[in-house]
1. Tell me the label only: which of (i) 32, 19, 15; (ii) 26, 21, 18; (iii) 36, 21, 13 is semi-axes √(5λ) of the Cα gyration tensor in Å as calculated from this structure?
2. Distance between Cα centroids, the range 192-229 to the range 84-119: provide it in whole Å.
3. Given the Cα-Cα distance of residue 128 and residue 84 and 0.36 nm per residue of separation, how much length would full extension add, in nm?
4. Just for the chain, what percent of DSSP beta bridges are antiparallel, to the closest 5?
5. Tilt of helix 152-165 relative to the longest C-alpha principal axis of the chain, in degrees (0 to 90, nearest 10)?
6. Could you check which residue among 194, 46, 109 shows the biggest mean-square fluctuation in a GNM of the chain with a 10 Å Cα cutoff?
7. How large is the helix-only mean residue ellipticity at 222 nm for the chain, computed as the sum of -39500 (n - 2.57) over DSSP H runs with n ≥ 4, divided by its residue count, in deg cm²/dmol to the nearest 500?
8. Which order do peptides 90-99, 171-180 fall in by mean Cβ count within 10 Å, highest first?
């Protein structure tokens, strides 16, 4: 699709309008946002379009579309899929050696585990190695309830954060404002950073990481805009 509109505006329901016509999601729903800040930011994405519409340059619009079309019809089911990450959370799987890496993991991940224990009264089993260790049913239930408590727009933003980090615990800490975005990103990449220091990085790994970081930043910005009036 090429740009066909002249003016971008926001109506009284915070729906983005192109020449006084509402933008529609792929599911044909009005692109109406829950906060003024998010509506303004998404309108800016449409205002910046030149020539062809490229969804890759409009990540906030994409997340809003997901919230409206995918999450909102079944928020409980969507949350349950995110909750499943809690049974194999990144922060629970530790290296056995070398000691410097073990220490880095402990420094980055123990605060997240301690926060979850205090915040949700749960016990998280940790293990050395990659063999699966089951978490207590009560832990899975409480972490699942915690993610399910969020609305469709926050769940849509949480989804890429969970998948990019491999950690429901880190994502919940971010949603709860216990950890900031940079802390969560760094904690999720302790192993990757260690490998890069030991063996160096190739250009493909650098490019891949940059794409993932852009997706992560878009999701965290989306969350920040939801917290603003």
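1. Only one listed value fits the structure, namely (iii).
2. Each part's Cα centre sits 19 Å from the other's.
3. Numbers: separation 44, 0.36 × 44 = 15.84 nm, distance 2.06 nm.
13.8 nm is the gain from fully extending residue 128 to residue 84.
4. 80 percent
5. It is inclined by approximately 40 degrees.
6. Most flexible of the set in this elastic network: 194.
7. -17500 deg cm²/dmol
8. The packing order, highest mean first, is 171-180, 90-99.
Read-outs: derived from the displayed coordinates by stated rules, not from any lab. Computed from a prediction, not measured in an experiment: that's the story for all the values here. No Cβ is skipped: glycine too gets one built from the backbone with ideal geometry, and neighbour counts run over all protein chains shown.
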